[in-house]
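The structure under discussion appears below in the form of structure tokens.
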Amino acid sequence: MKFLFVGGSNTLMREGYVRHFKFFLEQFCHEEIEIRNIAIGANSCVHGLELIKAEQNLSDYDCVVIEYVINDYQLAKSETIHTWRQAYDGLIRHLIKNCAPHTRIINLVLGRRSLSTFAWQNRLTREINALVKKYSSYASIEIINITRLLMAICDKKRDVYENLYKDYVHYKPPVVASLVGSLLSNHYISGLVNPKSIDYSPLPENYQDNFENSVVVDASRYSIRKREFKNSHVDLTAASLSLGETVEIELSGTLVAFTYVSTFDSLSVLVEEEGEAPFVIDCQHKWVKGDENRFMSKNFPLSWKNWSNKGGRKVRFTAITGLDRDSLMARYVNQYNIHGPSTQPLSEACFYLAGLLVNTSDKIVA
């Protein structure tokens with residue numbers, strides 16, 4: 001059996017639940033279990049859509065597991081939930097269209113330690129439940145709420161539940177990660193023993209506003225200088241922009257998100273898209289500061305957009321300094337000081353742009 005996992009750091013962790021899921025499933029199935037894990041930590045389902053769009057041979061998999069609720073809680077707010085809906089709906093539709101009819105699509109709900117985030121998490125869970133119901137006639141699509149199961153195991157005692165975590169988002173290995181893996185394997189085995197009867201009706205035409213028809217653009221093709229980044233779970237090439245350098249890309253639609261690489265020498269970036277307000281962000285994540293061997297693949301969704309402005313346009317990325325950023329922030333409405341400016345000498349610092357997710361849909365909401 002072949003499995004594809006996409007999600008955040010709990011899915012990525014070497015000692016996480018995926019390893020234990022495989023172990024428990026092998027005890028029952030007595031056959032080879034092949035797992036492809038394309039999860040990347042600290043990113044949302046918007047990045048998941050980009051990763052799935054780039055994945056080949058989706059029809060080869062018996063099951064696809066999606067795990068993004070922990071990271072998606074920031075998109076659950078009233079002003080951004082519409083972006084989450086369009087990304088997650090597009091992700092589900094792409095899987096249904098490209099996976100085999102028998103492929104099971106399992107939406108895994110993992111929660112954060114703090115109960116103060118449960119309102120956002122519950123909102124996303126309700127949204128996913130609605131999508132499962134919406135597409136249940138067209139595919140084997142399911143949801144398993146691990147957080148609810150863990151709360152039940154803890155008898156809804158807050159202190160016991162919070163003690164399951166090693167930090168604010170990650171379960172303690174190996175005991176709790178093993179428990180999560182066993183809960184998921186039990187859910188999967190239950191579906192094997194008692195399969196659902198599905199008539200596999202053809203998926204109807206997409207008349208809703210979502211990102212199903214989005215495309216992934218390789219930004220490295222638009223720059224003379226490139227840099228490769230590779231580790232045990234990431235292998236990508238990015239356009240490398242020194243201070244003041246600009247790359248301009250002609251889009252076939254509107255920019256949904258862009259993926260950049262955060263390094264110890266990352267510069268800030270100014271983003272100017274035709275028809276939209278410019279904005280700036282810092283690209284040096286705290287996890288990579290001071291360590292030249294570390295890097296992070298980060299996806300930045302333009303979640304505030306209303307997505308009514310469609311059609312082709314140009315977008316321009318310019319590498320800037322922290323001083324430039326402060327000046328630009330005084331002039332522009334959209335400003336995202338999310339990590340902190342580069343601390344490296346300007347002659348060595350760069351902005352690394354890997355890819356863009358572009359919405360090409362021209363459908364009208366029914």
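Listed values, structure above:
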quantity: Exclusive hit being under 27 Å from V234 (Cβ atoms) and not assigned by TED's automatic domain parsing to the domain that holds K298, set A130, A42; calculated: A42
quantity: Enumerated strands (runs of 3 or more DSSP E) restricted to region 215-312, each holding at least 1 residues that are among the polar types (S, T, N, Q); calculated: 235-242, 246-251, 254-263, 268-273, 295-301
quantity: Every residue from region 247-275 that is modelled with pLDDT of 95 or more, of a type outside the set (V, I, T) and out of contact with any Lys or Arg (no Cβ under 7 Å at 6 or more places or on another chain); calculated: L255, A257, F258
quantity: For V176: the one exception among (1) β-branched (V, I, T); (2) closer than 19 Å to Y17 by Cα; (3) under 22 Å from the mean Cα position of the chain (by Cα); calculated: (3)
quantity: Considering residues of region 109-130 that are buried (at least 19 other Cβ atoms within 10 Å of the Cβ) and of a type outside the set (K, R) only, the residue farthest from K166 (Cα to Cα); calculated: I128
quantity: So F24, is it more than 18 Å from the chain's Cα centre (by Cα), touching a residue at least 12 places away in the same chain (Cβ under 8 Å) and not in a loop (DSSP other than H, G, I, E, B); calculated: yes
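The values are calculated or read from the model by the stated rules, or taken from the named source; none is laboratory data. None of the values given here were measured: they were computed from a predicted structure. So basically every Cβ, Gly included, is an ideal-geometry build from the backbone, and we count neighbours across all protein chains shown.
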